[in-house]
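Here the structure is laid out as structure tokens; the discussion comes afterwards.
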Amino acid sequence: MVRPNQRKAAAVTPRARRPRSRAKASARHATSHRGSPNQRVASNAPPTGSPVQKAFNEGRTAYGSVIREFENGIRYLYKGESQKAAEVFEKLTNSPVREVADRARIHLRRCVERKEYKTAAPRTAEEYYLQGVAALNNRQMSLAVEWLSKSDKLEPHRDHVQYALGAAYALQRQTEQALRHLQESIRLRPANRTLARNDEDFQTISDEPRFRQLLAGGSC
């Protein structure tokens, strides 16, 4: 027979509970706070229609357009339409996508070096001068000298043509010709003396005493 006080104690005795796995509890706790991977990505993405999302979409579209344009330039090059290819690459050299701009400069330089970039043949002294300077900048020295000399022959005694010829010869380390044209350029326009002092194209002859004397105000 169970006494009353024993019945009371039995009534309030708690039911034994199985211990929960700490690992499972921690996992459920972490998931409840962090959410699923898809939920986390969605929470970090900019809201649809927001200015940030719009800018992201526009940037992605612009990048795709630049890549397609570069691929068009490659196709023109493979088809032998090098003038069209060079025009595409020249435009892409100013692309905000750095990798594309760098590759475009390489392909454009190759087109110029192989004389595949066909432009209208120069006719006037000024056109020969501009073509000569372009060749000079691309370090095509023989072509630069040829066109600059033709410009000088059509209209002699122009200081900027003499100066460019001096730079072209200096880059080829042909000191005598470089000094002769530079001296004539300074005679026609004394301000070219100051210009030559800071011009990297004349660094190849900067140790020549006659060059330093010419820049100092004397003659060589």
Counting only residues in segment 76-125 that are small (Gly, Ala, Ser) and part of a loop (DSSP other than H, G, I, E, B), the one modelled with the highest pLDDT is identified as Ser95
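Go over the candidates Glu200, Glu126 one by one and state the one that is in contact (Cβ under 8 Å) with a residue 12 or more places away in the chain and of a type in the set (Asp, Glu).
None of the other options fit; the residue is Glu126.
The values are calculated or read from the model by the stated rules, or taken from the named source; none is laboratory data. Remember, it's a predicted structure, so these values are computed and weren't measured experimentally. Don't worry about glycine lacking a Cβ; one is built from the backbone with ideal geometry, like all the others, and counts go over all protein chains shown.
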